[in-house]
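The values are calculated or read from the model by the stated rules, or taken from the named source; none is laboratory data. For clarity, every value in this text was computed on a predicted model and none was experimentally measured. As a convention, Cβ positions derive from the backbone with ideal geometry for all residues, glycine included, and neighbour counts pool all protein chains shown. Note: accessible area is taken over every heavy atom of the protein model, side chains too, but ligands, DNA and RNA are not part of it. Shrake-Rupley method; radii C 1.70, N 1.55, O 1.52, S 1.80 Å.
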Amino acid sequence: MENFIIRLVALLCGAGSAALFWVFGVFVVVPWRQERLLDLTRNEVQAIGVPLVTGIAVAWVTLHLLALGDRQRHPRGYAIMAGLFLIALLAAAIGGILWTTARLV
């Protein structure tokens, strides 16, 4: 039961982290398409930086929660879940980029 609760909380944190990476992808599109990623306004830095930094922090918490539940008992399963989770975060950011790009055309 304890592992179930840990995995459930890790799932909730992982979903939140994926959502934050998706928001990062949404907000990075406009300056990227205008080729001014290195010349952002203060508001743009906040709009891009807050979801990115918070998403990384929540992803770190998610990986540590998964480690609490599975690293000792199933080290190979933990490594597979962690790898798939990181791929899912990358896919979420790309999904946000593609979603916004499709609406700007």
Wholly inside the chain, helices (runs of 4 or more DSSP H) that include 2 or more residues that are out of contact with any strand residue (DSSP E or B) (no Cβ under 7 Å at 6 or more places or on another chain) and of a type in the set (Asp, Glu) are 42-70
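Considering only residues that are among the acidic types (Asp, Glu) and over 19 Å from LEU104 (Cα atoms), which ones fall in the stretch 1-52?
Matches in the stretch 1-52: GLU2, ASP39.
So that you can scan it fast, the table gives a plain yes or no per residue for (1) closer than 25 Å to ILE94 by Cβ; (2) of a type outside the set (S, T, N, Q):
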position	(1), (2)
ASN3	no, no
ILE6	no, yes
PHE24	yes, yes
LEU38	yes, yes
GLU44	yes, yes
GLY49	yes, yes
TRP60	yes, yes
ALA67	no, yes
HIS74	no, yes
Residue pairs within 6 Å by beta carbon, gap of at least six or interchain, first lying in the stretch 31-51 and under 16 Å from PHE21 (Cα atoms), second of a type in the set (Val, Ile, Thr), listed first then second, are ILE48/VAL28; PRO51/VAL23
Restricting attention to the stretch 84-94, the residues that are open to solvent by 30 Å² or more (accessible area, probe 1.4 Å) and among the small types (Gly, Ala, Ser) number exactly 2
Scanning the stretch 4-56 residue by residue, the ones that are of a type in the set (S, T, N, Q) and surrounded by 12 or more Cβ atoms within 10 Å (Cβ to Cβ) total 3
Expected single match for touching an Asp or Glu at 6+ places or on another chain (Cβ under 9 Å) and β-branched (Val, Ile, Thr) among ILE48, ILE80, ILE56, ILE6 is ILE6
